[in-house]
1. Sort Phe85, Phe164 so the one with the fewest other Cβ atoms within 10 Å of its own Cβ comes first.
2. Just order 184-190, 141-147, 125-131 by mean Cβ neighbour count inside 10 Å, highest at the front, would you?
3. For Lys118, what residues show an amide H to amide H distance below 5 Å, using hydrogens built from the backbone and excluding near sequence neighbours?
4. Taking the Cα of Asp195, stepping 7 Å toward and past its beta carbon, and measuring to each backbone N in region 134-177: which are under 16 Å?
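A short reminder: the numbers here are calculations on the coordinates, not readings from a lab. Just so we're clear, the structure is a prediction, and the values are computed from it rather than from any experiment. In this analysis, Cβ positions are derived from the backbone assuming ideal geometry, glycine residues included, and neighbour counts consider all displayed protein chains.
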Amino acid sequence: MHGFPRTFLHHGFLVKSKPLTTLLLAENMVRRRTMAGTVLFFAVMMSNWAIASPYGLGSEANEGCLCHSQDASTIVLLSGLPEAFEANQTYNLTLEVVSEIPQVENASKGGFRLLVTKGAIEVSNDSLVQELDGGWTHTNEGSKQRSWTFAWRAPTTNDSAANFVVYGNAVNGNNAPTGDAWSSAEHLVPGVGYDGDLTPDEGIDGVSSTDRLILAVCVVLIGVLIWAVARP
């Protein structure tokens, strides 16, 4: 009976109502569109982040890269660091992202985000490496390689320890996060006069608790959208 229209008297006129089934279908359609719009919003936000990556990674990547998946087969190497630094000494460093992901000619191949707590990074070629949001990262031109060189000038005193946190990303040049992979590395370098703890900072596994929550919400929303669209 609920699927048939009903006729009733309204202000002296006979009015035929819409079937209840039609109303329910319309309501379901509105809900599906709302879900689709929500997921689309998150998708746009994530895609903007992914598209911006070839031009460098800012503070949004201080806990890792959300638009790419972490892969143990991708290794981040930071060579040239001393076992213990001398005050005001300059050390030449090489950062390299080693990965099996294929490299495409004349396309983005990789990128990085470097954070240092002590001393100063000195760059001889700012067309490849740039300072951004309190850290160091690749430029658009610098994303077309997987190795970068720069110098680190140690602090003016040798009684502290410098913490280096670096995130490296290997990309396949398809302008999308699919098929790419990132990894991270951390180094704690003491001064020759430092006698404190040499345990690196904890909690740099690549994704913070807030980022995990955002990712979980996105996954749930996508799952709900797929379920809603797949319904008859």
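1. Phe164, Phe85
2. Numbers: 184-190: 17.4, 141-147: 19.1, 125-131: 14.9.
The peptides rank, most packed first, as 141-147, 184-190, 125-131.
3. For Lys118, the qualifying residues are Asn163.
4. In region 134-177, the label zone of Asp195 (backbone N under 16 Å from the point 7 Å along Cα→Cβ) covers 158-161.
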